[in-house]
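Asker: The structure is given below, and queries will be raised subsequently.
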Amino acid sequence: MRRILLAVLASALLLAGPAQAADAPPGASSCTGCHATTKIAGSVIPRIAGRKAADIMTFMREYRSGTWPSSVMGRIAKGFDGQQTDAIAAWFAAQPE
Amino acid sequence: MSTRRHFLKLTAAAGLAPAIASAQGAGRVVVIGGGYGGATATRTLKALEPKLDVTLVEPSPVYTSCPFSNSVLANLREISQQEFRYDGLKRAGVTVAATSATAVDAATKTVTLADGNRLSYDRLVMSPGIDFNWGALLGYDEAAAQKMPHAWKAGAQTMLLRSQLQAMEDGGLVVMSAPANPFRCPPGPYERASLIAYWLKIWKPKSKLLLLDAKDAFSKQRLFQNAWAELYPGLIEWVPLSKGGKVISVDPATLTFTTEFASHKAAVGNVIPPQRAGAIAGQAGVADRTGWCPVEPVAFESTLRPSIHVLGDAAIMGGMPKSAFAANAQAKVCAAAIVALLAGRKPQDPILINTCYSLVAADYGISIAGVYRPAKGQLTEIPGAGGVSPLEAVGGLRGQEALYAASWFRTITAETFG
Ligand SMILES: Cc1cc2nc3c(=O)[nH]c(=O)nc-3n(C[C@H](O)[C@H](O)[C@H](O)COP(=O)(O)OP(=O)(O)OC[C@H]3O[C@@H](n4cnc5c(N)ncnc54)[C@H](O)[C@@H]3O)c2cc1C
């Protein structure tokens, strides 16, 4: 019974495919306009898909406080509180690198 | 039975509810317009819910991007680099109807196509972009646009303006006119003036550019004006509304722009006309008296017609400007909301980002950013976030932003068209 349930769940997971924007927390789908989840040839914007959530959090905190210099991320990071950033960082961390 | 209920509970907890619900009854979504909003919506819908039946209605087999088309005017890019096809959408399982939508019936939920076919939908997404208010500017109609191009829809118009600039004698006056708000791409006219000046300075150094404006203020104004003074001293003259900048009429036969105070005869004239939502929005009943489409701020569903979502330039998006970045961001939010609605779930409250990069020269970029969320029935900018590039640039910042602008373009077009 339990085994059947797990098998059904696993096939449901397959159907659902990789981590998707449906499950994406608020804001994450706007980040991908610059930080694609796929590899973009010739882009010099750093890739963040598949990075450790804690590292993304650290960057975002330092962008927000201005400790870490940036061209645009400081202005963007200030629009998100800690909890929202946490959720976005976890989502990017779950994407394939 | 109890197993099944248990299973549903578990999958819902695992965040898998949409896939399960749709396995029982997928939905039909029709998308009108294959630009930044519409194309992104189709691909996101298919990625989130492969079982959805998604049809794009778009008459042109090739989409020509406005973003970076000002670089084509300055000979920094070729028009072919602006062109995108719909093969990536087809690969993602989207059905492409290569024709235009001629009528939408919200009551029967059907779209009539120019080829005579009819599509029915559970949810309709409209991202038809803009149309021009021909005649709002006396003397400016479709025929006049062949003499004084707008180049505000990219393609043949972009190439016409570029060839006129190239054929102009050194010393000729370029005149541009910019409309009142709201219009597509608020920093666009000023990026264009900058890049034409960049090109004039190299190839027609005796020429000047006059920019007649129906406004007293514009996006990234101080950054643009500082850069003009630094890079193109005396080359660009901007005439605001309060100094008589508003163009009342144009004469395409003599390339003359007439304001309340003066007439200016151009060697090359570029008219950026007043705009409204793409005509099909009016036909569908989703545009209001302003010519634009009011929507609620979570799923961007029309407040005038149920089950029709409007995206991008056509929609009234509160504080969000009409940009490709915004249309793409809105499309992703809208697609996720539609998947939720079709599965009987409530869409989550979104947060959206907009960023508009502008080039002032080939290696000189500036940007404006904002973060938005629903408040009091519309998308509202979150205070304390966003803003423009610093007025004082340190350590090659302008060059860096020009590179980031090009990277953004590669990223957004890959995400939109596949
Ligand atoms: C010179 C210039 C520079 C710009 N630069 C930038 C920039 O750097 N960054 C940025 O973010 N934005 C920029 N923009 C703005 C950007 O082009 C628009 O905001 C964006 O294209 C809006 O997307 P959309 O989906 O609303 O409309 P569009 O991209 O215009 O797409 C609309 C589509 O709908 C189709 N359509 C219309 N009616 C019908 C119908 N009845 N049936 C079927 N299909 C239909 C059209 O054929 C078209 O393909 C610029 C604009 C200009 C003019």
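Asker: Any idea which residue in the range B:357-367 is farthest from the ligand (Cβ to nearest atom), counting only those that are open to solvent by less than 20 Å² (accessible area, probe 1.4 Å) and in contact with a Phe, Trp or Tyr (Cβ under 8 Å, 6 or more places away or on another chain)? Let's see the steps before the verdict.
Answerer: Restricting attention to the range B:357-367, the residues satisfying the condition of being open to solvent by less than 20 Å² (accessible area, probe 1.4 Å) are B:358-361, B:365-367.
Checking the rest, the ones that are also in contact with a Phe, Trp or Tyr (Cβ under 8 Å, 6 or more places away or on another chain) come to B:358, B:360-361, B:365-367.
Details: B:SER358: 7, B:VAL360: 12, B:ALA361: 15, B:GLY365: 10, B:ILE366: 11, B:SER367: 10 Å.
My answer is B:ALA361.
Asker: Next question. The conditions are (1) open to solvent by 30 Å² or more (accessible area, probe 1.4 Å); (2) in contact with a Pro (Cβ under 7 Å, 6 or more places away or on another chain); (3) assigned to a loop (DSSP other than H, G, I, E, B); (4) more than 16 Å from the ligand (Cβ to nearest atom), and B:ALA299 fails exactly one of them. Which is it?
Answerer: If we test B:ALA299 against (1) open to solvent by 30 Å² or more (accessible area, probe 1.4 Å); (2) in contact with a Pro (Cβ under 7 Å, 6 or more places away or on another chain); (3) assigned to a loop (DSSP other than H, G, I, E, B); (4) more than 16 Å from the ligand (Cβ to nearest atom), just (1) comes out false.
Asker: All but one of (1) open to solvent by less than 10 Å² (accessible area, probe 1.4 Å); (2) at positive phi hold for B:GLY318, so report the exception by its number.
Answerer: With (1) open to solvent by less than 10 Å² (accessible area, probe 1.4 Å); (2) at positive phi applied to B:GLY318, the lone miss is (1).
Asker: Can you tell me which residues in the range B:33-76 are more than 8 Å from the ligand (Cβ to nearest atom), away from chain A (no Cβ under 14 Å) and either free of Cβ contacts under 8 Å to residues at least 12 places away in the same chain or open to solvent by less than 40 Å² (accessible area, probe 1.4 Å) (or both)?
Answerer: Within the range B:33-76, B:VAL54, B:THR55, B:LEU56, B:VAL62, B:THR64, B:SER71, B:VAL72, B:LEU73, B:ALA74 qualify.
Asker: Next question. Would you be able to tell me the number of residues in the range B:316-356 that are assigned to a strand (DSSP E or B) and near the ligand (Cβ under 8 Å from one of its atoms)? Walk me through how you get there before you give the answer.
Answerer: Here is the first cut: in the range B:316-356, the ones assigned to a strand (DSSP E or B) are B:316, B:352-356.
Add one more test, that the residue is near the ligand (Cβ under 8 Å from one of its atoms), and what stays is B:354-356.
The total comes to 3.
Asker: If I filter the range B:111-129 down to residues being in a strand (DSSP E or B) and within 11 Å of the ligand (Cβ to nearest atom), which single residue comes out as nearest to B:GLY33 (Cα to Cα)?
Answerer: So in the range B:111-129, the residues in a strand (DSSP E or B) come out as B:111-113, B:118-120, B:123-126.
Among the residues that remain, those that are also within 11 Å of the ligand (Cβ to nearest atom) are: B:111-113, B:125-126.
Details: B:VAL111: 13, B:THR112: 14, B:LEU113: 12, B:VAL125: 9, B:MET126: 7 Å.
It comes out as B:MET126.
Asker: Given the conditions (1) surrounded by fewer than 22 Cβ atoms within 10 Å (Cβ to Cβ); (2) in contact with a helix residue (DSSP H, G or I) (Cβ under 6 Å, 6 or more places away or on another chain), and given that B:LYS109 satisfies all but one, which numbered condition is not satisfied?
Answerer: (2)
Asker: Would the range A:70-92 turn up any residue that is at pLDDT below 95, open to solvent by 50 Å² or more (accessible area, probe 1.4 Å) and either small (Gly, Ala, Ser) or outside any helix (DSSP H, G or I) (or both)? If you could, list the steps in order and put the result at the bottom.
Answerer: Kept after step one, since they are at pLDDT below 95, are these residues of the range A:70-92: none.
Looking for residues that are at pLDDT below 95, open to solvent by 50 Å² or more (accessible area, probe 1.4 Å) and either small (Gly, Ala, Ser) or outside any helix (DSSP H, G or I) (or both), one finds none in the range A:70-92, hence no.
Asker: For the range B:156-198, name all the residues that are open to solvent by 10 Å² or more (accessible area, probe 1.4 Å) and hydroxyl-bearing (Ser, Thr, Tyr).
Answerer: If the condition is that a residue be open to solvent by 10 Å² or more (accessible area, probe 1.4 Å) and hydroxyl-bearing (Ser, Thr, Tyr), then B:SER163, B:TYR198 are the ones that fit.
Asker: What residue, of B:LYS206, B:LYS201, B:LYS153, is open to solvent by 10 Å² or more (accessible area, probe 1.4 Å), within 11 Å of the ligand (Cβ to nearest atom) and either at pLDDT below 95 or more than 14 Å from every other protein chain (Cβ to nearest Cβ) (or both)? Write out each step before concluding.
Answerer: On the way: B:LYS206 fails: within 11 Å of the ligand (Cβ to nearest atom); B:LYS201 fails: within 11 Å of the ligand (Cβ to nearest atom).
Just one listed residue meets the conditions, B:LYS153.
Asker: Still on this model: Scan the range B:397-415 and give yes if some residue there is small (Gly, Ala, Ser), open to solvent by 10 Å² or more (accessible area, probe 1.4 Å) and farther than 25 Å from A:GLY42 by Cα, otherwise no.
Answerer: no
Asker: Then there's this: Looking at (1) open to solvent by 10 Å² or more (accessible area, probe 1.4 Å); (2) more than 10 Å from every other protein chain (Cβ to nearest Cβ); (3) in contact (Cβ under 8 Å) with a residue 60 or more places away in the chain, which one does B:LEU379 not meet, given that it meets all the others?
Answerer: (1)
Asker: Cβ-Cβ below 9 Å, separation at least six or inter-chain, first residue in the range B:267-296 and in a loop (DSSP other than H, G, I, E, B) and near the ligand (Cβ under 10 Å from one of its atoms), second among the acidic types (Asp, Glu) and open to solvent by 20 Å² or more (accessible area, probe 1.4 Å): which pairs?
Answerer: Pairs that qualify, where the first residue is in a loop (DSSP other than H, G, I, E, B) and near the ligand (Cβ under 10 Å from one of its atoms) and the partner is among the acidic types (Asp, Glu) and open to solvent by 20 Å² or more (accessible area, probe 1.4 Å), are B:GLY278/B:ASP131.
Asker: Within the range B:334-356, how many residues turn out to be in contact with a Phe, Trp or Tyr (Cβ under 8 Å, 6 or more places away or on another chain) and more than 16 Å from B:LYS46 (Cβ to Cβ)? Outline the logic, then answer.
Answerer: Of the residues in the range B:334-356, the ones in contact with a Phe, Trp or Tyr (Cβ under 8 Å, 6 or more places away or on another chain) are B:334, B:337, B:351-356.
Among the residues that remain, those that are also more than 16 Å from B:LYS46 (Cβ to Cβ) are: B:351-356.
Counting residues in the range B:334-356 that are in contact with a Phe, Trp or Tyr (Cβ under 8 Å, 6 or more places away or on another chain) and more than 16 Å from B:LYS46 (Cβ to Cβ) gives 6.
Asker: Residue pairs, Cβ under 7 Å, 6 or more apart or interchain, first in the range B:382-409 and more than 10 Å from chain A (Cβ to nearest Cβ), second in a helix (DSSP H, G or I). List them.
Answerer: Final answer for the pair search is B:LEU391/B:ARG222; B:LEU391/B:LEU223; B:LEU391/B:ASN226.
Asker: I would also like to ask the following. Being open to solvent by 20 Å² or more (accessible area, probe 1.4 Å) and in contact (Cβ under 8 Å) with a residue 12 or more places away in the chain is the filter; apply it to the range B:302-315 and report the residue that is farthest from the ligand (Cβ to nearest atom). Steps first, answer last, please.
Answerer: Step one: list which residues in the range B:302-315 are open to solvent by 20 Å² or more (accessible area, probe 1.4 Å), which gives B:303-306.
Remaining after also requiring in contact (Cβ under 8 Å) with a residue 12 or more places away in the chain: B:304-306.
Details: B:LEU304: 17, B:ARG305: 16, B:PRO306: 20 Å.
So, considering only residues that are open to solvent by 20 Å² or more (accessible area, probe 1.4 Å) and in contact (Cβ under 8 Å) with a residue 12 or more places away in the chain, the one farthest from the ligand (Cβ to nearest atom) is B:PRO306.
The values are calculated or read from the model by the stated rules, or taken from the named source; none is laboratory data. Computed from a predicted model, the values in this text were never measured in an experiment. Virtual Cβ from ideal backbone geometry, glycine too; neighbours counted across all protein chains shown. In case anyone asks, the SASA skips ligands and DNA or RNA and just uses the protein heavy atoms, side chains included. Shrake-Rupley method; radii C 1.70, N 1.55, O 1.52, S 1.80 Å.
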